[in-house]
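Read through the structure below, which is laid out as structure tokens, and then see the notes.
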Amino acid sequence: MDCVFCKIICKEIPSDIIFEDDKVMAFMDIRPVSRGHALVVPKEHKADIVETDDDVISDTVLEAKKIAAAIQHALHADGFTISTNRGEAAGQTVFHLHFHIIPRYRRDGLTAWPHQDTTPETRSQIAAEIKKQLL
Ligand code: AMP
Ligand code: ZN
């Protein structure tokens, strides 16, 4: 399969692995957003979080929580951001589920997402659309 993360998982291409068990692997991001940026992936290939079985997501996220705390302590970071992208529109470039662990440092200059003002009417209307889908 032509998937760079599957190739890392089967050690076909090198990476800086920081954790591995039978289900999950974590390795350093090749183009880090901040010092210590790591990726946590399930060994099973699935394109993104929606395509992945709940038990696999659960295993991966629980490991990501542990690894993120370890990274924060090891690198004396001040916190961390955990995120995952689904789809090109969200910025996904590797279509094998992965959780980014981005250590955060005070004054790291990583600006927050741009917030927008809304009206109560707009918020209610959007909430209603979403709730219909959740029924
Ligand atoms: P995303 O844009 O959410 O799909 O994230 C993909 C991430 O994978 C990016 O942060 C890349 O820098 C990272 N990446 C791509 N190729 C490699 C690789 N060979 N080793 C480590 N990280 C990689
Ligand atoms: Zn893969």
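The values are calculated or read from the model by the stated rules, or taken from the named source; none is laboratory data. These numbers come from a predicted model, not from an experiment. Counting neighbours? That spans all protein chains shown, and the Cβs are built from the backbone with ideal geometry, glycine included. With ligands, DNA and RNA removed, areas are computed over all heavy atoms of the protein, side chains included. Shrake-Rupley method; radii C 1.70, N 1.55, O 1.52, S 1.80 Å.
I'm trying to understand the selection: among the residues of segment 75-123, which are surrounded by fewer than 11 Cβ atoms within 10 Å (Cβ to Cβ) and either part of a strand (DSSP E or B) or among the polar types (S, T, N, Q) (or both)?
Those that are surrounded by fewer than 11 Cβ atoms within 10 Å (Cβ to Cβ) and either part of a strand (DSSP E or B) or among the polar types (S, T, N, Q) (or both): Thr93, Thr111, Gln116, Thr119.
Please specify each residue of segment 1-60 satisfying the condition of being within 11 Å of ligand 1 (Cβ to nearest atom) and farther than 20 Å from Thr93 by Cβ.
Ile17
Check every one of the strands (runs of 3 or more DSSP E) wholly within segment 1-64 and list those with 2 or more residues that are away from ligand 2 (no atom under 12 Å from the Cβ) and either open to solvent by 50 Å² or more (accessible area, probe 1.4 Å) or over 27 Å from Gly79 (Cα atoms) (or both). It would help to see each step written out before you state the result.
Numbers: elements: 17-20, 24-28, 38-42.
Passing ranges, in order: 17-20.
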